[in-house]
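To start, the structure itself, in structure tokens.
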Amino acid sequence: MAFEAVFLDFGGTLAYREPEVWDIFSDVCSLNGVNLSRADIDKGRAMADRSHRSEQFQTRELMEYFWQEWFRLILVNLGVAAASGLSREIYLRVMDESNVLLYGEVKECLPEIADLGVVLGVVSNYNCMLEQSCIELGIADSFQFILASDLVRSHKPDRVIFDLAVKEAGVERDRCLHIGDSFGADYAGAKNAGVSAVLLDRLGQEKADCPVVRDLWGILDLVRGGRRASARIDRIDGEKRF
């Protein structure tokens, strides 16, 4: 199949945070006499997520409130005292120390994908700073559109954000390909919206029965229908072969 548009997730696909937010979270707590394992934090996150949804903010001020309140709720759910003070400290450390960085092949690979004549877009569960982050990373000009879930009020795997991407791309739905690192949000979400999809599994840990690539070079091969020596396409399901 000849694809005419490619949609890329952002976090875990194009970029990552270093140090990781939850490493900072754990360190701040430890320095304040609160020792939490990653399993503890994940448990607190699961409880906090039931009532605190990121789609509700569209400005930087609301984003800052969201992060601090989210951290506070995680701590409250874990029975941590002085949660408000700790959440503020965690937020300030994340903003000061955690940097958004591109994966190694991204800047080299994106122009090669664009040179194939496809429409490139970002479709991400991300906050209102997504476009600014792309600008700061020097990749914004590679994309014809950038869709952040918080701004379009649709959160993958919801169909709406994929429908918007198809509309922005201006091509037929069956000529669109979405790639991301989450099986549920990216692969299943796109497939349920009638968009072809591939899972990006950089660590080779995903066990789902679906098409998988290990980096963006694998995506380049799928788009142009050829094989690049460095690409690693691990599994292709029986439903659709690219």
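The values are calculated or read from the model by the stated rules, or taken from the named source; none is laboratory data. Because the structure is a prediction, the values reported are computed rather than measured. With ideal geometry, Cβ positions are generated from the backbone for all residues, glycine too; neighbour counts draw on all protein chains shown.
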**OP:** Go through (1) at pLDDT below 95; (2) among the β-branched types (Val, Ile, Thr); (3) more than 22 Å from the chain's Cα centre (by Cα) one by one and return the number of the condition residue 28 breaks.
**Re:** (1)
**OP:** Residue by residue through the stretch 28-48, note down the ones that are assigned to a helix (DSSP H, G or I) and in contact (Cβ under 8 Å) with a residue 40 or more places away in the chain.
**Re:** 28, 29
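Residues that are modelled with pLDDT under 95 and either touching an Asp or Glu at 6+ places or on another chain (Cβ under 6 Å) or within 29 Å of residue 204 (Cβ to Cβ) (or both): find the helices (runs of 4 or more DSSP H) completely inside the stretch 91-191 holding 1 or more of those. It would help to see each step written out before you state the result.
Values: elements: 106-114, 130-136, 149-152, 159-169.
Those helices (runs of 4 or more DSSP H) span 106-114, 130-136, 149-152.
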Original post:
Only one of (1) under 29 Å from residue 152 (Cα atoms); (2) part of a helix (DSSP H, G or I); (3) of a type outside the set (Gly, Ala, Ser); (4) touching a Phe, Trp or Tyr at 6+ places or on another chain (Cβ under 8 Å) is not met by residue 86, so which one is it?
Top reply: (1)
**OP:** Report yes if residue 123 is within 18 Å of the chain's Cα centre (by Cα) and surrounded by 19 or more Cβ atoms within 10 Å (Cβ to Cβ), otherwise no.
**Re:** yes
